[in-house]
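Structure first, then comments.
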Amino acid sequence: MVKRLLAALVGLAIVLPALIWGGELAVEIIAGIAVLICCDEWATMAFPRRRWWALARMVPPSIAIYLAVLYGPEGTLALALAGSAIWVLLSTLFRAGPVDDAANTIGRLVLGLVYVPGLIVFIPLVRRLPDGLGWVFLMLVITWLGDSGAYFAGRLFGKHKLYEKISPKKTWEGAIGGALTAVAGAFIVRAVGMSQLTVLDCVLLGVIVDGFGVVGDLTESMLKRSFGVKDSGWIMPGHGGILDRIDALLFTAPVLFLYCTLALGL
């Protein structure tokens with residue numbers, strides 16, 4: 001527990017000042033670094049015997065996709081996606097060794113590209129919204145308070161399993177508690193500086209964003225079980241890897257971005 005708290009405090013001490021004073025560029029740099037680290041974690045989980053081979057195949061298209069979304073002119077993303085597909089296929093076609101697992105190899109590489117740069121890039125996109133800093137903090141507050149509320153509510157009241165075959169410790173009581181604390185967090189952010197949020201926005205965002213955070217957590221648990229690993233990495237003592245810490249954000253960031261752009265017209 002002490003290691004977990006120290007790692008969390010160190011992480012906050014690095015990330016929060018960058019979020020507050022670093023502007024959009026700081027978020028883009030932090031998220032870009034996270035993409036590279038998570039590529040390594042994915043390669044280690046999905047290709048334990050060919051980690052460096054997989055990492056070499058994932059990094060170039062990941063960078064291309066990330067930069068195309070954030071900085072590329074219209075049409076650049078389509079080119080990046082097409083180039084990434086060709087790169088993965090050719091890398092697998094001309095690799096040494098048997099070909100009977102080629103489809104499995106391609107599938108793992110493509111899923112990694114969707115899961116890592118394809119979802120992480122929504123974090124800086126949220127920061128680019130009008131009042132982006134407020135939206136980023138709303139996203140973090142909902143995600144973290146929802147997770148903490150679910151943990152404590154589950155410990156105190158949990159009786160009914162939420163999805164036992166994936167995460168035996170998660171309960172419906174915990175999920176409800178997490179949703180309530182997430183809604184409370186949204187109202188706190190509204191009171192502190194996001195006055196444009198309506199009561200309905202706070203309730204909907206608290207419930208929906210937190211709900212997708214739970215789905216993100218379950219998704220990573222499913223993938224780790226499939227790969228036969230406990231943690232995605234080791235970079236954060238007591239917490240595992242970066243993917244272990246941002247698994248919920250990988251789903252909450254796109255959902256919040258869609259809500260802002262489609263429902264609020266930002």
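The values are calculated or read from the model by the stated rules, or taken from the named source; none is laboratory data. Owing to the predicted nature of the structure, the values given are computational and were not obtained by experimental measurement. Cβ sites come from the backbone with ideal geometry, for glycine too, and all protein chains shown count toward neighbours. Ligands, DNA and RNA are stripped out before the accessible areas are found, and what is left, the full protein with its side chains, is counted by its heavy atoms. Shrake-Rupley method; radii C 1.70, N 1.55, O 1.52, S 1.80 Å.
Subtract the Cα-Cα distance of residue 196 and residue 74 from 0.36 nm times their separation in residues, and report this length gain in nm to one decimal. Can you show the working numbers first?
Values: separation 122, 0.36 × 122 = 43.92 nm, distance 3.09 nm.
Here the answer is 40.8 nm.
Can you list the residues, at least 5 places off or on another chain, whose amide H is less than 5 Å from the amide H of residue 162, using H built in the peptide plane?
170, 171, 172
Separation between the residue 155 and residue 49 pseudo-spin-labels, each 7 Å from Cα along Cα→Cβ, expressed in nm?
It is 4.2 nm.
So what J values fall out for the range 121-134 if you push phi through Karplus, 6.51 cos²θ - 1.76 cosθ + 1.60 with θ = phi - 60°, rounded to Hz, Gly and Pro as x?
Result, rounded to whole Hz: 4, 6, 5, x, 5, 5, 5, 7, 5, x, 6, x, 4, x.
Could you give each residue of the range 190-200 its phi-based ³J(HN,Hα) in whole Hz, using Karplus coefficients 6.51, -1.76, 1.60 with θ = phi - 60°, and x for Gly or Pro?
Computed from phi, the couplings for the range 190-200 are 4, 5, 6, x, 10, 5, 6, 6, 8, 4, 5 Hz.
For the range 162-218, rounded, prolate or oblate, judged on the Cα gyration tensor with a ≥ b ≥ c (square roots of eigenvalues), a/c < 1.5 rounded, else prolate if a/b > b/c? It would help to have the intermediate numbers written out before the result.
Numbers: a/c = 3.37, a/b = 2.79, b/c = 1.21.
The shape class here is prolate.
Which value, in nm² and rounded to one decimal, describes the direction-averaged projected area of the C-alpha convex hull of the range 38-108? Intermediate results must be reported in sequence, preceding the final value.
On the way: hull surface 18.9 nm².
Across all orientations, the range 38-108 yields a mean hull projection of 4.7 nm².
Under the Karplus relation 6.51 cos²θ - 1.76 cosθ + 1.60, θ = phi - 60°, what is the ordered set of whole-Hz ³J(HN,Hα) values for the range 68-81, x standing for Gly and Pro?
Those phi angles translate into 5, 5, 7, 10, x, x, 4, x, 5, 5, 4, 5, 5, 5 Hz.
Taking N as the number of residues in the chain, what is its alpha-carbon radius of gyration divided by 2.2 N^0.38 Å?
On the way: Rg = 19.1 Å, N = 266, 2.2 N^0.38 = 18.4 Å.
Compared with the compact-globule rule of thumb, the chain sits at 1.04.
Put one equal scatterer on each alpha carbon of the range 1-144, apply the Debye formula with no solvent term, and list log10 I(q)/I(0) at q = 0.10, 0.16, 0.17, 0.18 1/Å to two decimals.
Log10 of I(q)/I(0), two decimals: -0.42, -0.91, -0.99, -1.06.
Please tell me which of these pairs span more than 18 angstrom C-alpha to C-alpha: 161/230; 169/230; 161/224? Show your work: numbers first, answer last.
Values: 161/230 20 Å; 169/230 14 Å; 161/224 20 Å.
Listed pairs above 18 Å: 161/230; 161/224.
Residue 131 accessible area, nearest 10 Å², 1.4 Å probe?
100
Heavy atoms only, 1.4 Å probe, whole protein assembly: order 247, 40 by accessible area, highest first. Could the numbers behind the result be given before it?
Numbers: 247 10, 40 40 Å².
Correct descending sequence by accessible area is 40, 247.
Please list, or write none, the aspartates and glutamates whose alpha carbon is within less than 15 Å of the alpha carbon of residue 159, excluding same-chain residues fewer than 8 places away.
173
Heavy atoms only, probe 1.4 Å: what % of the accessible area of the range 1-139 goes to carbon and sulfur, would you let me know?
Numbers: 5470 of 7260 Å².
Answer for the range 1-139 is 75 percent, counting heavy atoms of protein chains only.
For the chain, what does the accessible surface come to per residue with a 1.4 Å probe? Please give it in Å². Please report the intermediate quantities before stating the final value.
Details: 13930 Å² over 266 residues.
Result: 52 Å² per residue.
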